[in-house]
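K.L.:
My questions all concern the structure below.
The values are calculated or read from the model by the stated rules, or taken from the named source; none is laboratory data. What you see is a predicted model, and the numbers here were worked out from it, not measured in a lab. Here the Cβ positions follow ideal geometry from the backbone for every residue, glycine too, while neighbour counts run over all protein chains shown. Surface areas here come from the heavy atoms of the whole protein model, side chains and all, with no ligands, DNA or RNA. Shrake-Rupley method; radii C 1.70, N 1.55, O 1.52, S 1.80 Å.
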Amino acid sequence: MDFAIDAAAPAVPDCADDGTWLACIACDETFAPFEAVRYTCDECDGLLEVRYADPPTFDEFGTGASTDGPDRGVWRYREGLPFDLGVTLPEGDTPLHRVPRIKEAVGVDALRIKHEGMNPTGSFKDRGMTVGVRVAKELGVGALACASTGNTSAALAAYGGRGGMQTLVLLPEGKVAAGKIAQASLHGARILEVDGNFDACLDIVQELAARGEAYLLNSLNPFRLEGQKTIGFEILEEFYADYGVFPDRIVLPVGNAGNTSALYKGFRELVQSGALDPDEVPKLTGVQAEGAAPMVEAVEEGNDEIRRWEEVETRATAIRIGNPVNAPKALPGIRNTGGTAVAVSDPEITAAQRHLASEGVGVEPASAASLAGLKKLRREGVVDDDERVVCLTTGHLLKDPDAAYEAGGDPEPVPNDADAVVDHLHD
Ligand code: F0G
């Protein structure tokens with residue numbers, strides 16, 4: 001396998017602030033990190049990335065010894081982050097579940113489930129928000145906004161509230177799971193329901209941010225991805241502790257492709273610091289729902305650009321996205337690690353959700369896409385039986401109670417009488 005991961009640490013530009021700066025991934029223009037609100041490149045509108053003079057090594061990560069604050073969860077990785085501590089609940093430090101029966105059924109050498117649904121608001125978005133809201137404080141902004149399929153809005157509301165800021169969320173009307181709206185509402189966000197899909201919401205909120213209405217905390221914001229890359233750091237450390245090697249492959253659901261970009265960036269930094277060999281980087285393998293699969297289309301057709309899907313549909317509403325804005329970062333991540341992308345049907349997603357639940361791991365539909373994708377790639381022979389795999393599950397079962405109820409069994413009404421209950425059980 002040819003890896004094309006750039007192992008050279010970047011040269012430090014004059015604009016760097018304490019060894020940190022922003023760089024455009026398209027034209028290499030660089031910017032001071034906190035002098036102004038900026039989401040994309042001033043020169044070419046390309047995506048921005050946070051860069052460091054000293055990329056981290058495993059030895060520099062904290063031990064996790066304290067119970068809160070800077071040595072816990074995401075902030076344990078502060079050597080690889082722009083601050084020492086953010087607005088924290090705290091987040092990260094999620095379980096890497098063993099699922100022996102599912103592993104046997106799938107037929108791989110090792111299978112672990114990294115359950116990001118165990119974060120404070122029930123999804124991986126918390127890892128991004130703890131950094132993003134900290135940056136908002138640095139910039140002195142008082143109002144935060146995002147477009148969301150639900151989880152980002154819940155995390156923005158909780159972290160913004162904790163940071164003492166106003167929060168505004170734009171949601172696609174009728175397409176956000178009940179648990180997520182309940183969270184955004186109770187944590188105090190102003191909720192606008194848009195007559196359009198997520199991509200339309202993102203278009204509008206980008207315009208609001210450009211007009212100075214609020215600070216944008218979608219994954220287009222490069223600082224969000226800094227927090228999310230710690231998922232990759234945790235997976236490598238925890239997996240290595242148990243197996244003495246790193247996983248061959250990480251399979252993850254893809255919506256806006258923020259996580260795919262974030263994991264790739266974290267691994268690249270470890271390669272640049274010399275902590276990881278390029279051929280030890282796990283193959284990033286993205287999974288989308290068949291009804292919303294522009295990344296899969298681009299990977300299969302070998303395109304460098306995404307074709308925006310105007311019509312998208314899937315029961316996995318979290319990934320009901322037709323225009324993955326982080327594709328320019330995520331496509332190289334998939335290609336350069338030797339990974340791939342695959343689309344799965346809604347019934348396959350529900351079957352995987354049931355399968356995970358049968359072994360005690362409760363996830364929302366979008367999360368189950370990762371296992372559904374792994375099963376499909378095993379059936380197709382793309383994933384070998386000797387591979388060691390981690391599936392990322394991104395959100396908790398309770399996020400979408402309706403989907404859980406539909407996928408599970410129905411309660412059975414019985415009379416208020418023990419004999420009748422016994423009779424019912426033996427019927
Ligand atoms: N899984 C869940 C549960 C999500 O909520 C999302 C994205 C993804 C996967 C996809 O992650 O965008 O990094 O590829 N949810 C966003 C939101 C869009 O608004 O909550 P990605």
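K.L.:
Any residue in segment 1-28 that is modelled with pLDDT under 95 sitting within a Cβ distance under 6 Å of a residue that is among the β-branched types (Val, Ile, Thr)? List the pairs, counting only those 6 or more apart or interchain.
P.N.:
Partner pairs satisfying both residue conditions: 5/271; 7/271.
K.L.:
Can you pull out the residues in segment 30-55 that are outside any loop (DSSP other than H, G, I, E, B) and more than 23 Å from the chain's Cα centre (by Cα)?
P.N.:
30, 31
K.L.:
While we're looking at this one, here's another question. Scan segment 44-59 and report the pairs whose first residue is acidic (Asp, Glu) and whose second residue is in a loop (DSSP other than H, G, I, E, B), with Cβ atoms within less than 7 Å and a gap of 6+ or a chain change.
P.N.:
49/25; 54/19
K.L.:
Shifting gears a bit: For segment 150-188, what are the residues that are closer than 17 Å to residue 136 by Cβ, among the small types (Gly, Ala, Ser) and more than 14 Å from the ligand (Cβ to nearest atom)?
P.N.:
Residues satisfying the conditions are 160, 161, 163, 164, 188.
K.L.:
Another question, then. Look at residue 35 and say whether it is out of contact with any Lys or Arg (no Cβ under 6 Å at 6 or more places or on another chain), surrounded by fewer than 16 Cβ atoms within 10 Å (Cβ to Cβ), farther than 26 Å from residue 337 by Cα and without any contact (Cβ under 8 Å) to a residue 40 or more places away in the chain.
P.N.:
Answer is yes for this residue.
K.L.:
Among the candidates 45, 84, which residue alone is open to solvent by 70 Å² or more (accessible area, probe 1.4 Å) and at pLDDT below 95?
P.N.:
84
K.L.:
Just one of (1) open to solvent by less than 70 Å² (accessible area, probe 1.4 Å); (2) closer than 30 Å to residue 241 by Cβ trips up residue 6, so point out which.
P.N.:
Residue 6 satisfies all of (1) open to solvent by less than 70 Å² (accessible area, probe 1.4 Å); (2) closer than 30 Å to residue 241 by Cβ except (1).
K.L.:
Just checking: which of the helices (runs of 4 or more DSSP H) contained wholly in segment 189-254 hold 2 or more residues that are open to solvent by 40 Å² or more (accessible area, probe 1.4 Å) and within 15 Å of the ligand (Cβ to nearest atom)?
P.N.:
Hits in segment 189-254: 198-210.
K.L.:
Then there is this: What's the number of the only condition in (1) closer than 26 Å to residue 282 by Cα; (2) at pLDDT 95 or above; (3) open to solvent by less than 40 Å² (accessible area, probe 1.4 Å) that residue 73 fails to meet?
P.N.:
Of everything listed in (1) closer than 26 Å to residue 282 by Cα; (2) at pLDDT 95 or above; (3) open to solvent by less than 40 Å² (accessible area, probe 1.4 Å), residue 73 misses just condition (2).
K.L.:
Looking at (1) on the phi < 0 side of the Ramachandran plot; (2) assigned by TED's automatic domain parsing to the domain that holds residue 366, which is the one condition that is false for residue 257?
P.N.:
Condition not satisfied by residue 257: (1).
K.L.:
Something else about it: Quick check on segment 364-394: of everything there that is without any contact (Cβ under 8 Å) to a residue 60 or more places away in the chain and assigned to a helix (DSSP H, G or I), which residue is farthest from residue 106 (Cα to Cα)?
P.N.:
Applying the filter and picking the extreme gives 365.
K.L.:
Here is a follow-up. Being assigned by TED's automatic domain parsing to the domain that holds residue 278, open to solvent by 40 Å² or more (accessible area, probe 1.4 Å) and touching an Asp or Glu at 6+ places or on another chain (Cβ under 6 Å) is true for just one of 402, 346, 386. Which residue is that?
P.N.:
Checking each option against the conditions leaves just 386.
K.L.:
From 336, 303, grab the single residue that is away from the ligand (no atom under 14 Å from the Cβ) and open to solvent by less than 40 Å² (accessible area, probe 1.4 Å).
P.N.:
336
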